Amino acid sequence: MRNDKENIIVTKTIEFSVSIINYCEFLESKRKYVVANQLIRAGTSIGANVFEAQNAESKADFIHKMKIAAKEASESLYWMILCERITTYEFNKQLKDELNQIIMILSKIISSSKNNSTITK
């Protein structure tokens, strides 16, 4: 259930999605279509799954959606690493740093949610 209390992972992933869309549009303007297409799909999927998890039907459903978000974040990191290593790509270090923060937060959320669910059983 949604409430008006700020949720840091929701906020961070929405901001990241906006940034990744802008970056991918830049890549497309440089005719880097393949990477841009993969990165925009994975990068925006992180926030979509986090957002959907806010209305999870159960703790297990919440954890599952957060795990999907973490997988999409991992895939996004892969594409960002490629952008970093290919000399003809303009790399955005700040975007990679934001992604690494999101990965750490997701890992913590998943870990603490698993620990809380075993306590309540």
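Of all residue pairs spaced 6 or more apart or on separate chains, those with beta-carbon atoms under 7 Å, a first member in region 82-93 that is over 15 Å from GLU28 (Cα atoms) and a second member that is part of a helix (DSSP H, G or I) and of a type in the set (A, V, I, L, M, F, W, C) are LEU82/VAL35.
Among the residues of region 57-68, is there at least one that is acidic (Asp, Glu), in contact (Cβ under 8 Å) with a residue 40 or more places away in the chain, surrounded by fewer than 20 Cβ atoms within 10 Å (Cβ to Cβ) and out of contact with any Ser or Thr (no Cβ under 6 Å at 6 or more places or on another chain)?
no
When ASN100 is tested against (1) touching a residue at least 40 places away in the same chain (Cβ under 8 Å); (2) touching a helix residue (DSSP H, G or I) at 6+ places or on another chain (Cβ under 8 Å); (3) surrounded by fewer than 15 Cβ atoms within 10 Å (Cβ to Cβ), only condition (1) is not met. Taken over region 33-56, the criterion of being without any contact (Cβ under 8 Å) to a residue 40 or more places away in the chain, farther than 13 Å from SER17 by Cα and of a type in the set (Val, Ile, Thr) is satisfied by VAL34 alone.
Where a number appears in this text, it was derived from the coordinates with a stated rule and is not lab data. Owing to the predicted nature of the structure, the values given are computational and were not obtained by experimental measurement. Counting neighbours? That spans all protein chains shown, and the Cβs are built from the backbone with ideal geometry, glycine included.
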